[in-house]
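Heads up, the thing below is written out as structure tokens.
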Ligand code: GUN
Ligand code: ZN
């Protein structure tokens, strides 16, 4: 279908390739049994005004006004919606791949010292630039991001993402205890900073504010109550935090909040859990917690790479899904060891395999694109290759290198090919990334 409301502008472009997206949730059905992908071989994707205008078979003739617009030939390559990473820490590129600790030690030994540097505006701006470029160079075009406690670190991300026309959800981190000097805020100043950021950034271009509680141990009751008020009084803001990631952490939360029914309840009783809540990990939740998440339409940002690297535990995706809980996928760098959502997907596959469950490429891809878009309330903007949606797109080689090319040559079904891509591939497979129709990454060479 062609939306003729936008004629091709100066930035108009046409991509030619094999368009793949996942429109329906395949669940945990076998690859050839659940909802399959929408696979449009040799199609043209017409882009103008930052949006997808039409998707047509290449064999069809172009509408007259589009003739003469350059066609970028990617025949034999996949054109996919950009990935959505629902939980990642910008400053933690400084500590990715740090040796030898579990969560609480890892925070104290590596993460907190690194995050202190972001008080310096120059460090924050350079960090935001490096981080967003790194996301694009891994095929991620939208993200829910933790900066640091410093207001300037959120400001830097908003500014750089807005300049690029990128969908970004972030907010200054709230933490007023159990962290070193230089990483602590106070409730009143934090509230003022959040209100100012909401006022200036929330809903501006593609930016959205998230009330960002680091995790329960780092906030006093007073600060959690303030965070709850922000969520309640500012419609449309998101909430992001960590929950039930590691067993020592869960024990510590029980000591710190003896009146709470559970770790999740610490957030729920202050009104932090709603349809726009994104909670990383959720490995050690119970049935009542899952019911609370389902009732509120909140999502778990499953972070498989981080869970393996920090030795946190095996998230039972099927159990969450059966309880009606929304699940998205996240890199959680720097607990996670790669910004690549392909690597995130194949780590997710292995975590489910250890529990006797198999994650299809369709389910993984759906979750990292349209599934996340739906859970974030952004389904009419991102997650599919569909006229009217933003032109956040990625172009991929299915196989790079001798081993992958050999494996691809022997595949007999589309799922087999795409699963091998998901399992063997990474950022080397990425040819280019478009954000709002502009190329933000192109593979060198
Ligand atoms: N819990 C509190 N802070 C963090 C963090 O930075 N990373 C992870 N993985 N868990 C956390
Ligand atoms: Zn995290």
- Which of the residues that make up region 210-224 are away from ligand 2 (no atom under 16 Å from the Cβ), in a helix (DSSP H, G or I) and within 17 Å of residue 262 (Cα to Cα)? 221, 224
- Residue check: is residue 230 touching a helix residue (DSSP H, G or I) at 6+ places or on another chain (Cβ under 8 Å), more than 16 Å from ligand 2 (Cβ to nearest atom) and over 24 Å from residue 145 (Cα atoms)? no
- Where a residue in region 408-433 is without any contact (Cβ under 8 Å) to a residue 40 or more places away in the chain and its partner, wherever it lies, is surrounded by 22 or more Cβ atoms within 10 Å (Cβ to Cβ) and assigned to a helix (DSSP H, G or I), with Cβ under 8 Å and at least six apart: 408/421
- Inspect region 261-278 for any residue being buried (at least 22 other Cβ atoms within 10 Å of the Cβ), in contact with a helix residue (DSSP H, G or I) (Cβ under 6 Å, 6 or more places away or on another chain) and not in a helix (DSSP H, G or I) and give the result as yes or no. yes
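Among the candidates 278, 266, single out the residue that is within 16 Å of ligand 2 (Cβ to nearest atom), touching a residue at least 40 places away in the same chain (Cβ under 8 Å) and closer than 27 Å to residue 198 by Cβ.
Values: 266 fails: within 16 Å of ligand 2 (Cβ to nearest atom).
Answer to the selection: 278.
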- Unique residue being more than 16 Å from ligand 2 (Cβ to nearest atom), in contact (Cβ under 8 Å) with a residue 40 or more places away in the chain and buried (at least 24 other Cβ atoms within 10 Å of the Cβ) when the list is 86, 141: 141
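Considering only residues that are closer than 17 Å to residue 420 by Cβ and either in a helix (DSSP H, G or I) or within 15 Å of ligand 1 (Cβ to nearest atom) (or both), which ones fall in region 334-355?
Filtering region 334-355 for residues closer than 17 Å to residue 420 by Cβ gives 340-350, 353.
Residues satisfying the conditions are 341, 342, 343, 344, 345, 346, 347, 348, 349, 350, 353.
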- Selection within region 322-333 - more than 18 Å from residue 22 (Cα to Cα) and not in a loop (DSSP other than H, G, I, E, B): 322, 333
- Query: Could you say which residue among 389, 365, 342, 376 is away from ligand 2 (no atom under 16 Å from the Cβ) and over 17 Å from the mean Cα position of the chain (by Cα)?
  - Reply: 389
- Does any residue of region 184-199 turn out to be under 14 Å from residue 152 (Cβ atoms), in contact with a helix residue (DSSP H, G or I) (Cβ under 7 Å, 6 or more places away or on another chain) and either without any contact (Cβ under 8 Å) to a residue 12 or more places away in the chain or part of a loop (DSSP other than H, G, I, E, B) (or both)? no
- Under 8 Å by Cβ, and 6 or more places apart or on different chains, what pairs join a residue from region 292-307 that is free of Cβ contacts under 8 Å to residues at least 12 places away in the same chain with one that is outside any helix (DSSP H, G or I) and within 13 Å of ligand 2 (Cβ to nearest atom)? none
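May I ask you to verify whether residue 305 is within 16 Å of ligand 1 (Cβ to nearest atom) and in a loop (DSSP other than H, G, I, E, B)?
Working: within 16 Å of ligand 1 (Cβ to nearest atom): yes; in a loop (DSSP other than H, G, I, E, B): no.
Criteria not met by residue 305.
How many residues are under 16 Å from residue 339 (Cα atoms) and either at pLDDT 95 or above or assigned to a helix (DSSP H, G or I) (or both) if we restrict to region 399-430?
Here is the first cut: in region 399-430, the residues under 16 Å from residue 339 (Cα atoms) are 422-430.
Subset that is either at pLDDT 95 or above or assigned to a helix (DSSP H, G or I) (or both): 422-425, 427-430.
Going through region 399-430 one residue at a time, the tally reaches 8.
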- Message: So, residue 328, is that one within 13 Å of ligand 1 (Cβ to nearest atom) and in contact with a strand residue (DSSP E or B) (Cβ under 7 Å, 6 or more places away or on another chain) or not?
- Response: no
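The values are calculated or read from the model by the stated rules, or taken from the named source; none is laboratory data. Values in this document were obtained by computation on a predicted structure and should not be read as measured data. Don't worry about glycine lacking a Cβ; one is built from the backbone with ideal geometry, like all the others, and counts go over all protein chains shown.
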